[in-house]
Amino acid sequence: MLAGENSITVQDVLTAYIILTLNKYCYNNNNERRILHTITIVNSRGVSDFIAPQDQVSNSLFMVLSNDFDDPYSLSNIAKTIRQSIIQLRDPKVLESGIATIDGLIRKNIRNNKFPNPQLVPNEIAVNSN
């Protein structure tokens, strides 16, 4: 099923295909590298006028961690899990409370001179959503 608000998109399937290919041919015997979930960068513009109105010029990006895949070797399971995490994030109530929480944590970290330290996390891949 493709297109539509609650359906799997072409982007979800392409991402799932890449993950499945990596898991099957590159990380099959590597429990630390096998991809079990994603961090998806999602544009949240237009979800809530309070956060980012539809006519806002810039993108409003937010990162969402998916649940672990029930089957990291199933194209449909990976794609559905990715789509579910994006749908959940685009719920205005979830997004508004999430952004408020993140904003507070970022401000606290800056006051304490703590900065992001991106590093490789086992079983994870970061992707962009459409």
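Below, the figures for the structure above:
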read-out: Per-region count, segment 22-43, residues over 30 Å from E96 (Cα atoms) and outside any loop (DSSP other than H, G, I, E, B); value: 4
read-out: Meets criteria (touching a Leu at 6+ places or on another chain (Cβ under 9 Å), modelled with pLDDT of 85 or more and either outside any helix (DSSP H, G or I) or of a type in the set (S, T, N, Q) (or both)) for I8; value: yes
read-out: Residue count, segment 50-86 (criterion: over 21 Å from R33 (Cβ atoms), surrounded by 15 or more Cβ atoms within 10 Å (Cβ to Cβ) and either of a type in the set (V, I, T) or touching an Asp or Glu at 6+ places or on another chain (Cβ under 9 Å) (or both)); value: 5
read-out: Candidate set from segment 105-130 (those that are closer than 30 Å to N23 by Cβ, in a loop (DSSP other than H, G, I, E, B) and not polar (S, T, N, Q)); member that is farthest from the chain's Cα centre (by Cα); value: P116
read-out: Total residues in segment 19-77, condition without any contact (Cβ under 8 Å) to a residue 24 or more places away in the chain, within 14 Å of S129 (Cα to Cα) and among the hydrophobic types (A, V, I, L, M, F, W, C); value: 1
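The values are calculated or read from the model by the stated rules, or taken from the named source; none is laboratory data. Since the structure is predicted, the reported quantities are computational estimates derived from the model, not experimental observations. No Cβ is skipped: glycine too gets one built from the backbone with ideal geometry, and neighbour counts run over all protein chains shown.
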